[in-house]
Number of protein chains: 2
Amino acid sequence: MADGELRIGLVQMRMADDPDTNMQRAIEGVREAAAQGAKLVCLPELFRSRYFCQSEDARYFDLAEPIPGPSTAALEPLVKELGITLIASLFEKRAPGLHHNTAAVIDPSGYLGKYRKMHIPDDPRYYEKYYFTPGDLGFRVFDSAAGRIGVLVCWDQWYPEAARLTALKGAQVLFYPTAIGWHPEEKDAVGSAQHDAWETAQRAHAIANGCYVIAVNRTGFEPDPAGSGGIEFWGQSFAVGPDGAILVRGPIDREAVLTVDVDLRRIGTQRVGWPFFRDRRIDAYGDLTARFLD
Amino acid sequence: MADGELRIGLVQMRMADDPDTNMQRAIEGVREAAAQGAKLVCLPELFRSRYFCQSEDARYFDLAEPIPGPSTAALEPLVKELGITLIASLFEKRAPGLHHNTAAVIDPSGYLGKYRKMHIPDDPRYYEKYYFTPGDLGFRVFDSAAGRIGVLVCWDQWYPEAARLTALKGAQVLFYPTAIGWHPEEKDAVGSAQHDAWETAQRAHAIANGCYVIAVNRTGFEPDPAGSGGIEFWGQSFAVGPDGAILVRGPIDREAVLTVDVDLRRIGTQRVGWPFFRDRRIDAYGDLTARFLD
């Protein structure tokens, strides 16, 4: 490929009960993406387990691990062997009673660092505030073997501030490992609008910042052990170009390894054509640090 | 209508050469919207003239006027008679050699105030930096007879910061008077992607902020007196609900008076369902006032 051209892999997974099974399937998915030529690969949010945040139960803290730790140690040799850069979303145990929803970045040189999810949701069946302390590392980019990448996680995707700050740090691609789906009983009424809003919000990040955006979701129905009705994860992992156009979109209800060819030189072309960065009114944005201005 | 329900009118216009003709047609459009029950009506950007920014020519400064001034004086009795609130985008002469791209807000009580376009574009055929000094009034809301509205103008629509700051001030509806279109010679190659990005960016403002968004564009081809090839304004004025769904979209190539029924109570419902305002990381947004962070 020419300078700036790059194949990216999106590993959309259905999670099993057993974390080791999920690790094994993640490795298979990463291998498949690499076999197709992907140099930059992303896994779904918290890929080692079922989405345990459907209920608040202290035993799930046992799933957490240090980062770097066992999962990054398992993935580092794979990454080195395949010559790729990998984004792996994991449940981080930082200290007893202190946990984060964290994404690790690994490239052939080893573990590059981590991003701790800054915006933590808390809604019925997504009780993340019980499990995760909001990140304290700020918005981050990683100079990987495959380019300067920004990593954000799921709920962050609704916040233009997060995308902007990451793009201002020079991110060429924004990655969003994700776990989002429908409450089955609401799906007929609002499911289509919810999915459309999710995709639209992230396409807008690509447009506003003239960069690539990649969202990697899980798929499949996961029951809630507490009996709430479960979540039907809506799949449809996707990639967006710097003009906001969808480049690839995965299936709703099955696993898939998707690849997309990007050309990082398009970032410059796009931003010269639509020079939004030129005209930001940084003198007038100070109140973005306010909670409300009413 | 029940409390919170409201009909909004979008007057999509094709501009004639003569400013008085445009004022007359604008008045007809506003009357038609009001006759259909609209209580809040928006005209396109700089509706009194052709889009003169296609070229840089000092004689066009003669089109500018004080605000309040002749145009607001002409519209105030109309607004009073119809009992509506009107957003009128005008070319403001503030002092000799000092001009703004400004939107006036008028309701039955009279002239409420103005917003001066904060983000000023400058691209081939959109040479606005020659004509307009960037606004110095910041992002604003207006407590009109029809609710608290935010007014932004055209190029602002690409900036999530502008939408956010206006929404944080309590805007229930964001209005974007607009003049955007295709370079005819580019239209086949990129016209569809450009329009889609424009709509997507604004839908995302509705989603991120849980409010209504209204964009009112002009339509029709306007030649460039300097011979560049002109602009084919793409019409398609639209309204978006707080979930990002398009509620109405106008035609591409002809004038239209569109109306849309909104229910301001949906703003609360939406924001409770998707509580994005709850989780903003205001402790981590300070760098949004940086030009770049590389």
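Rule-based calculations on the coordinates, nothing more; no lab input. These figures come from a predicted structure and were not determined experimentally. Every residue, glycine as well, gets a Cβ built from its backbone with ideal geometry; the counts of neighbours run over all protein chains shown.
Of note:
- A viscosity of 1.567 mPa s and a temperature of 4 °C, combined with the Kirkwood radius over C-alpha pairs in the Stokes-Einstein formula, give region A:90-155 a diffusion coefficient of 102 µm²/s.
- Using alpha carbons only, the radius of gyration of region A:1-93 set against its Kirkwood radius gives Rg/Rh = 1.02.
- Within straight-line reach of A:K80, meaning a Cα separation under 20 Å, sit the following aspartates and glutamates at least 8 residues removed in sequence or on another chain: A:E28, A:E32, A:D107, A:D143.
- DSSP assigns beta bridges within region A:5-278; of those with both partners inside it, close to 70 percent run antiparallel.
- For chain B, the percent of C-alpha pairs falling in each 5 Å distance bin, counted from 0 to the bin holding the largest distance, reads 1, 6, 12, 18, 20, 17, 13, 8, 4, 1, 0, 0.
- Using a 7 Å Cα-to-Cβ projection, A:R148 label spacings across copies, nm, ascending: 3.8
- From phi via Karplus (6.51, -1.76, 1.60), per-residue ³J(HN,Hα) for region B:282-294 in Hz, x at Gly/Pro: 5, 6, 10, 9, x, 6, 5, 8, 8, 6, 7, 10, 5
- For region A:39-58 versus region B:192-215, the gap between their alpha-carbon centres in whole angstrom: 30
- With at most 11 neighbouring Cβ atoms within 10 Å, loop trypsin sites (Lys or Arg not before Pro) (DSSP) excluded, longest segment of chain A: A:1-253
- Considering every alpha-carbon pair of region A:170-290, the percent of pairs per 5 Å bin, from zero through the bin containing the longest distance, is 2, 11, 17, 18, 16, 13, 10, 8, 5, 2, 0.
- Computed from phi, the 3J(HN,Hα) profile of region A:111-118 under the Karplus parametrisation 6.51, -1.76, 1.60 (θ = phi - 60°) reads 6, 8, x, 9, 10, 9, 2, 8 Hz, with x in place of Gly and Pro.
- Within 10 Å of each Cβ in A:153-162, the average number of Cβ atoms from other chains: 5
- Reciprocal mean inverse distance between Cα atoms of the protein assembly as shown - Kirkwood radius, Å: 24.8
- Entries in A:K169/B:K114; A:K187/B:K117; A:K129/A:K169; A:K93/B:K169; A:K93/A:K187; A:K117/B:K187 that, when Cα-Cα distance is taken, lie over 31 Å: A:K169/B:K114; A:K187/B:K117; A:K93/B:K169; A:K93/A:K187; A:K117/B:K187
- When B:G110 is represented by a point 7 angstrom out along its Cα-to-C-beta vector, the spacings to that point in the other copies are 7.3 nm, nearest first.
- Chain B - mean residue ellipticity at 222 nm from DSSP helices (-39,500 (n - 2.57) per run, n ≥ 4, rounded to 500): -7500 deg cm²/dmol
- Remark: chain B carries a charge dipole of roughly 920 debye about the Cα centre, counting +1 on each Lys and Arg Cβ and -1 on each Asp and Glu Cβ.
- Evaluated with a Cβ-only charge set (Lys, Arg +1; Asp, Glu -1), the protein assembly as shown carries a dipole of roughly 860 debye about its Cα centre, given to the nearest 20.
- Top positive-direction residue, dipole computed over chain A with Cβ charges, set A:F142, A:Y159, A:Q54: A:F142
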